[in-house]
Amino acid sequence: MKNVMLVGGLLFLLAGSANALTLSFDYGGINWGTMDLNQADPDTLSVSFFTSATAPSGTQATGFAFAPYLGTFGVGNPLDTTFGDDQNDLNWIVLGNLNPIPNPQNSSLVKGDFTFGVTEGNSNNLNPPGIEVGDYDIFYLDFDADTSVSDITAVGVRFQSFSTIIDNQEVTSLFLVGRPPNEIPEPATMLLFGIGLTGLGFITRKRKF
């Protein structure tokens, strides 16, 4: 039994110990961008967002929303010389008013599911400037307590300043969601369950001899 508990505990740790995560934001057959979340230090997450070259002309990523609430935080912007090819003129700040966040177009989540956000320049709104097509930018989420990438359960990105046709309708702005794997996807769950059964069978056979 101790061996079975050890296997189960190890599988749990493997499922929930990630300190890096890449999310893709897709809608209407278009990849709009990708986000890399990384552990910068015990209470700081780095967020790198790239607005895809496949996004419609003019697209800008103008704000970000996260869940769940993880306590008081601030936003850090790296020095312009830290990353040579990011958009150095952008200054990300805490979004003090989440009302401008619309309901997501690619998720069953609603705007009320998001608990904190980041915007550029205006703490009460989500407007350009933002991260333009083919460009990326990096900022830091600095929390008042230890925080892990795996604590984030939902991320949304606001896209504006474009015009395209999706499902025969003109679209000029979007709020798209990506969800990190805080729960093991079903195929992986079945694989881990199978590994656990194999280990249990091995222990049972060992006891019979």
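What follows draws every value from the coordinates through simple rules; no lab data is involved. Just so we're clear, the structure is a prediction, and the values are computed from it rather than from any experiment. Backbone-built Cβ (ideal geometry, glycine too); neighbour counts: all protein chains shown.
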Toy charge model, Lys and Arg Cβ at +1, Asp and Glu Cβ at -1: the range 19-180 dipole around Cα centroid in debye, rounded to 20, equals 560 debye
Once phi for every residue in the range 46-55 is put through the Karplus expression 6.51 cos²θ - 1.76 cosθ + 1.60 (θ = phi - 60°), the whole-Hz ³J(HN,Hα) values, with Gly and Pro written as x, are 9, 10, 10, 10, 10, 7, 4, 5, 8, 5
Once both label points are put 7 Å beyond Cα along the C-beta direction, the Asn31-Ile166 separation in nm becomes 1.7 nm
Once both label points are put 7 Å beyond Cα along the C-beta direction, the Val110-Asn125 separation in nm becomes 2.6 nm
The range 19-180: Kirkwood hydrodynamic radius (Cα pairs, Å) comes out at 15.7 Å
